[in-house]
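**Student:** Have a look at this one before I ask anything.
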Amino acid sequence: MTDSDTPALLARIAAALERLAPPPPPPADLSAADAFVWHPERSSLWPVPKVSAIPLDLLRGIERQRDILLENTRRFAAGLPANNALLWGARGMGKSSLVKAIHAAVNDETRATGGVALIEIHREDIRSLPTLMALLREAPRRCLLFCDDLSFDAGESDYKSLKAVLEGGVEGRPANVLFYATSNRRHLLARDMIENERSSALNPGEAVEEKVSLSDRFGLWLGFHHCDQQTYFAMVEGYAGAYGIAVDPETLRREAAEWAVTRGSRSGRVAWQFIQDLAGRHGVRIG
């Protein structure tokens with residue numbers, strides 16, 4: 001082979017490599033719906049025709065969290081700086097319901113300008129976040145990523161992908177993407193996972209810091225705590241009034257209290273389950 005053949009050979013090699021390399025994913029089509037579910041095995045977003053969302057004004061006992069997250073989401077929808085948010089704390093106190101309700105409320109306000117797409121990513125698909133980000137980076141619509149019940153157990157390393165996507169990657173989070181997650185754990189990692197790192201690492205402080213720092217990538221931490229009986233009654237009464245369930249207040253409270261005793265707790269979820277039972281007994285359709 002002579003020197004004159006080298007450019008042609010290199011060109012053929014480059015062409016062959018381009019054929020072998022997968023093409024870049026096309027920009028996501030977000031015009032089909034207001035909400036989608038991410039399916040990484042097909043690298044596709046499946047539209048959700050109707051989101052299971054409760055009206056925002058029916059969520060009681062979490063007014064402070066509601067106001068903070070609503071303002072953050074409004075800023076994002078307007079193209080202003082906004083923070084990733086971690087909603088953590090007691091089970092059944094409306095963390096995921098709040099995200100869906102706020103998305104619906106903000107979309108009602110911004111419908112004329114396209115609104116915000118809600119994209120749910122399942123906890124087991126977190127490792128595919130970089131692929132999803134690549135699909136959304138050039139999308140013309142602003143996107144709110146939502147992961148419900150996010151946490152990591154011993155032996156899992158997917159949290160490193162999440163850390164890089166939230167703040168630490170070279171490309172960083174696209175300007176049109178925001179990430180909201182809910183979790184029962186403030187630091188997303190099981191306590192025994194952190195303690196195992198502390199006991200086995202050469203430098204325990206650094207090992208623990210790496211894991212705890214995952215939560216630090218969220219600019220907003222919103223805590224949710226168990227509600228007292230008066231707040232629980234307010235939730236029940238709000239639902240009953242909104243759906244037109246005619247029960248006198250004394251009976252409503254007595255039955256709601258009995259229902260909470262059978263469940264062993266008071267929460268927004270327990271209140272909603274009671275209302276579903278009550279509506280069924282009174283022949284009232286809800287939802």
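**Student:** Specify the residue that is modelled with the highest pLDDT; the eligible residues are those in segment 203-243 that are under 24 Å from the mean Cα position of the chain (by Cα) and polar (S, T, N, Q).
**Tutor:** That would be Ser215.
**Student:** Quick one: Gly61 ticks every box in (1) outside any helix (DSSP H, G or I); (2) modelled with pLDDT under 90; (3) over 25 Å from Thr131 (Cα atoms) except a single one, so which number is it?
**Tutor:** Among (1) outside any helix (DSSP H, G or I); (2) modelled with pLDDT under 90; (3) over 25 Å from Thr131 (Cα atoms), the lone unmet condition for Gly61 is (2).
**Student:** Looking at the structure I just gave you, is Arg75 closer than 15 Å to Asn176 by Cα and of a type in the set (D, E, K, R)?
**Tutor:** yes
**Student:** Counting just the residues of segment 244-273 that are under 30 Å from the mean Cα position of the chain (by Cα) and not in a helix (DSSP H, G or I), which one comes out surrounded by the fewest Cβ atoms within 10 Å (Cβ to Cβ)?
**Tutor:** Within segment 244-273, the match that is surrounded by the fewest Cβ atoms within 10 Å (Cβ to Cβ) is Gly264.
**Student:** Scanning for something within 16 Å of Arg66 (Cβ to Cβ) and either in a helix (DSSP H, G or I) or of a type in the set (Asp, Glu) (or both), does segment 215-227 turn up at least one residue?
**Tutor:** no
**Student:** Let me ask you something else. Name every residue in segment 40-51 that is in a loop (DSSP other than H, G, I, E, B) and either within 15 Å of Asn107 (Cβ to Cβ) or outside the structural domain of Leu98 (by TED's automatic domain parsing) (or both), in order of residue number.
**Tutor:** Within segment 40-51, Val48, Pro49, Lys50, Val51 qualify.
**Student:** Please find, within segment 64-81, the residue that is nearest to Gly219 (Cα to Cα) out of those that are part of a loop (DSSP other than H, G, I, E, B) and free of Cβ contacts under 8 Å to residues at least 60 places away in the same chain. Even if it seems obvious, please write down each step before you answer.
**Tutor:** Residues of segment 64-81 part of a loop (DSSP other than H, G, I, E, B): 78-81.
This time we only want the ones that are free of Cβ contacts under 8 Å to residues at least 60 places away in the same chain, so: 78, 80-81.
On the way: Ala78: 18, Leu80: 15, Pro81: 11 Å.
Per the criteria, the residue is Pro81.
The values are calculated or read from the model by the stated rules, or taken from the named source; none is laboratory data. Model, not experiment: these values are computed from the prediction. Here Cβ is always computed from backbone atoms with ideal geometry, including for glycine, and neighbour counts include all displayed protein chains.
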